[in-house]
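Beneath this line is the structure, given in structure tokens, with notes to follow.
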Amino acid sequence: MSNDYASIVTSLDAAVLLVGTVQFAARIAKFVDHTAAGTTARRQKMGRLIENQRRGIEPTRSELLEARRRSPIVMMMRSFPLVAAGGIWATVCVVLISVQLKVLQWAGTANAGPNPELARRAFEVTAVSIIFLLVEGYMGGLVKAYNKGQELRRAYREQYTDEERAELQRKIRSALRPEAQPVTSTGED
């Protein structure tokens, strides 16, 4: 460990800590918003079902299944990626702060020795944190693209019946088959 190396590690760690703190806060805020919106929607839906029951109208099977899809347990399971990412960022931040405090302690010690173990640990933690930062960014983009594709598929399936979609697929496959070419005379008989 040298003063220059400590400065470099401190700069990198500070940048990753800044991003990590923002990411952690964003994940927690999104989780809270998602959970609150889901809970509100579920309570409204359940309230409508109860009001209908008071009027003697029993809920349909689809209404009951929709109420189940909005249950707190199901909402928590759907929110697991947000919670997991938030937890990982919290862990990354705690580990970075821990290493950074050791680096600052080393830098503040008069005539501190090179401490290769601290240099190695600082490198490993910083490298893993930067890799996680990059992977999380790429994975976030992939998940967003996947979710958008699912949303578009769901809208397509809701707009057209299974039979309509199947018939169109048959026509498309049929159009891909090469048509029989008419035999033409070349005039060389």
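The values are calculated or read from the model by the stated rules, or taken from the named source; none is laboratory data. Just so we're clear, the structure is a prediction, and the values are computed from it rather than from any experiment. Cβ sites come from the backbone with ideal geometry, for glycine too, and all protein chains shown count toward neighbours. For the accessible areas, the whole protein counts, side chains as well, though only heavy atoms, and no ligand, DNA or RNA atoms are used. Shrake-Rupley method; radii C 1.70, N 1.55, O 1.52, S 1.80 Å.
Give the residues of segment 109-128 that are within 24 Å of residue 92 (Cβ to Cβ), more than 35 Å from the chain's Cα centre (by Cα) and not acidic (Asp, Glu), sorted by residue number. It would help to see each step written out before you state the result.
Initial filter on segment 109-128 (within 24 Å of residue 92 (Cβ to Cβ)): 115-128.
In the following step, the residues that additionally are more than 35 Å from the chain's Cα centre (by Cα) were identified as 115-117.
Hits for segment 109-128 are 115, 116.
Just need a number here: residues in segment 102-147 that are at positive phi and in contact (Cβ under 8 Å) with a residue 24 or more places away in the chain. Walk me through it before giving the result.
Taking segment 102-147 as the starting set, the residues that turn out to be at positive phi are 111, 115.
Next, from what is left, pick out any that are in contact (Cβ under 8 Å) with a residue 24 or more places away in the chain: 115.
Residues meeting the conditions: 1.
What is the residue count in segment 1-47 for residues that are more than 30 Å from residue 118 (Cα to Cα) and of a type outside the set (Asp, Glu)?
Residues of segment 1-47 more than 30 Å from residue 118 (Cα to Cα): 26-47.
Adding the requirement that they be of a type outside the set (Asp, Glu) leaves 26-32, 34-47.
Total satisfying the criteria: 21.
Just to be sure, is residue 178 free of Cβ contacts under 8 Å to residues at least 12 places away in the same chain, assigned to a loop (DSSP other than H, G, I, E, B) and either closer than 30 Å to residue 23 by Cα or not charged (D, E, K, R) (or both)?
Numbers: free of Cβ contacts under 8 Å to residues at least 12 places away in the same chain: yes; assigned to a loop (DSSP other than H, G, I, E, B): yes; either closer than 30 Å to residue 23 by Cα or not charged (D, E, K, R) (or both): yes.
So residue 178 fits the description; yes.
Take residue 89 and tell me if it is more than 22 Å from residue 143 (Cβ to Cβ), in contact (Cβ under 8 Å) with a residue 40 or more places away in the chain and among the aromatic types (Phe, Trp, Tyr).
Numbers: more than 22 Å from residue 143 (Cβ to Cβ): no; in contact (Cβ under 8 Å) with a residue 40 or more places away in the chain: yes; among the aromatic types (Phe, Trp, Tyr): yes.
Criteria not met by residue 89.
Among the residues of segment 93-110, which ones are open to solvent by 60 Å² or more (accessible area, probe 1.4 Å) and not in a loop (DSSP other than H, G, I, E, B)?
Quick first cut of segment 93-110, residues open to solvent by 60 Å² or more (accessible area, probe 1.4 Å) only: 94, 97, 101-102, 104-105, 108-110.
94, 97, 101, 102, 104, 105, listed by residue number.
When you go through 56, 20, 47 one by one, which is the residue that is open to solvent by less than 80 Å² (accessible area, probe 1.4 Å) and outside any helix (DSSP H, G or I)?
56 is the lone residue from the list that is open to solvent by less than 80 Å² (accessible area, probe 1.4 Å) and outside any helix (DSSP H, G or I).
Would you call residue 81 more than 22 Å from the chain's Cα centre (by Cα) and not β-branched (Val, Ile, Thr)? Give the derivation first.
Working: more than 22 Å from the chain's Cα centre (by Cα): no; not β-branched (Val, Ile, Thr): yes.
For residue 81, the condition - more than 22 Å from the chain's Cα centre (by Cα) and not β-branched (Val, Ile, Thr) - is not met.
Among the residues of segment 111-133, what is the count of those that are loosely packed, with under 11 Cβ neighbours inside 10 Å and modelled with pLDDT of 90 or more?
Selection size over segment 111-133: 3.
It is to be established whether one or more residues within segment 24-33 are touching a residue at least 60 places away in the same chain (Cβ under 8 Å) and over 30 Å from residue 111 (Cα atoms).
Within segment 24-33, the first condition is being touching a residue at least 60 places away in the same chain (Cβ under 8 Å), and the residues that meet it are 24, 27.
Still in the running and over 30 Å from residue 111 (Cα atoms): 24, 27.
For segment 24-33, residues touching a residue at least 60 places away in the same chain (Cβ under 8 Å) and over 30 Å from residue 111 (Cα atoms): present.
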